[in-house]
Structures are given as structure tokens and as C-alpha cells.
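Enquirer: Take a look at the following structure, please.
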Amino acid sequence: MKLFNLKFQKNRRMPTIPVNDQIHLTPYRLSDKAALIEYINDPVIHRNTLTIPFPYGEKEADEWLELTLKEKEKFGIHANWVIRNNKGKLIGCIGRQLVHGTNGHADEVGYWLARPYWGKGIMTEVVQVFCDFLFAQGKLIRLTAAVFAFNAASAKVLEKTGFAREGYLKKHYLKNGEYLDGILYAKLKSDL
């Protein structure tokens, strides 16, 4: 199990999780609003995620940024992290649901990546590092992730990062008036 020492950006108290030389994770900043709207306002990202609305504009971005700040205040941790390129620009997000608060043994992860960055292996590396980071915190021993059955690319990311398929969820999700099938994946902490 990889040990994590959060790095802090120069002149800031902003925790940073390095993924590789080109990609790192940080909490959201208010200055992320424009990139968030630019990238997440995509009908394909909407189609592949359960709760991201479309169209996605300033109101939705403001609500999301406020929610991430409130989660930090309530739980004392950052649940949602921005995926940043080497220029510090938001290109996606990964987070945990805090299903059982901060003291549970299990949680669910979710993520999205801006379309210009698809197919480059970025999300596979991000998911691996983020899961290692969560497990290194000590309490979590099980992470789950669910994907719509038609989202083969996301299922492939999970499989490449050690998630095992645990079940097929028939008509489990209701989105835009349509019942959708899902696939449930889980990953266990490796040093149990």
C-alpha cells in the first residue's frame, strides 16, 4: 500500500494528490467555475452520469461549488477532488459519496473526465491513485462504483484498477424517465 503525504501548493494551504508528472488532484476552488461549466456541459457526460444535469450552467456550477465547501465544513475532509492538468486547469473530477460519513468502512466513488482528455489513460491512473489515497487513510476497506450498463469505457477503467464486477443491476436507476441497468463494481483494501 502506497503511503500518502499530501503536498501543499506553494503559498497556499491547498492539499494536492500527485497522480503523475502531468496530472494532480486538488479540492475545488471558486476559480474553477468557468472550466467546470465548459467541460461538464456535455450531453455525453450527462448521459453517462446519474446526477449531473444538462444543460449545466452558472447556477449548477455555483450550487456544486457551494456543496463542496459545505461538505468540507461538515465532515472536515475534502470528499470531491478536481483532476487538474499540468497547467492547473480543471479537466475532471473524482470523489467519494461519504455514504457512511467519515467513520464507515465502505464508500462509493464516482468520477467524470472532460471529453478532450478521453482515451489517454488519465482516468485509469486517477482512479488508482485516488483509491490508494482513500485506503491509506485507514478506515475504508471497501470501495464500490456503479456504471450504467452501456458505459463500457468506465467499466474498463474500473476493471483496470482492480475493481471486480459484483452484480448486474436491472432497471436500478431512473434517469430522465427511463429505467437503466447498471453494473456494480467493488474493490477491497489489498492488505487485509
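Enquirer: Filter region 39-84 down to the residues that are within 17 Å of the chain's Cα centre (by Cα), surrounded by fewer than 17 Cβ atoms within 10 Å (Cβ to Cβ) and part of a loop (DSSP other than H, G, I, E, B) and list them by number.
Expert: Scanning region 39-84 gives 50, 51, 53, 77.
Enquirer: Here's something else I'd like to know. Exactly one condition in (1) assigned to a strand (DSSP E or B); (2) at pLDDT 95 or above is false for residue 36; which is it?
Expert: (1)
Enquirer: If you go through region 50-67 one residue at a time, do you hit one that is free of Cβ contacts under 8 Å to residues at least 24 places away in the same chain and closer than 17 Å to residue 25 by Cα?
Expert: no
Enquirer: In this structure, is residue 150 at pLDDT 95 or above and open to solvent by 80 Å² or more (accessible area, probe 1.4 Å)?
Expert: Yes.
Enquirer: Moving on. Filter region 118-147 down to the residues that are hydroxyl-bearing (Ser, Thr, Tyr) and surrounded by 17 or more Cβ atoms within 10 Å (Cβ to Cβ) and list them by number.
Expert: Matches in region 118-147: 144 only.
Enquirer: Next up: Among the residues that make up region 100-111, is at least one of them surrounded by 15 or more Cβ atoms within 10 Å (Cβ to Cβ) and at pLDDT below 95?
Expert: Yes, the conditions are met somewhere in region 100-111.
Enquirer: Before we move on, is residue 158 surrounded by fewer than 18 Cβ atoms within 10 Å (Cβ to Cβ) and in a helix (DSSP H, G or I)?
Expert: no
Enquirer: Which ones in region 160-179 are farther than 17 Å from residue 110 by Cα and either in contact (Cβ under 8 Å) with a residue 24 or more places away in the chain or aromatic (Phe, Trp, Tyr) (or both)?
Expert: Hits for region 160-179 are 168, 179.
Enquirer: Which of the residues belonging to region 165-182 are assigned to a strand (DSSP E or B), farther than 22 Å from residue 113 by Cβ and not aromatic (Phe, Trp, Tyr)?
Expert: Passing the criteria: 166, 167, 169, 170, 171, 172, 174, 178, 181.
Enquirer: What pairs come up if the first residue lies in region 90-108 and is free of Cβ contacts under 8 Å to residues at least 12 places away in the same chain, the second is surrounded by fewer than 16 Cβ atoms within 10 Å (Cβ to Cβ) and part of a strand (DSSP E or B), and their beta carbons are under 8 Å apart, counting only those six or more places apart or on different chains?
Expert: 99/106; 100/106
The values are calculated or read from the model by the stated rules, or taken from the named source; none is laboratory data. Just so you know, these numbers come straight off a predicted model, no measurement behind them. All Cβ positions, even for glycine, are placed from backbone atoms using ideal geometry, and neighbour counts span all protein chains on display. SASA here: full protein model, heavy atoms, side chains in, ligands and nucleic acids out. Shrake-Rupley method; radii C 1.70, N 1.55, O 1.52, S 1.80 Å.
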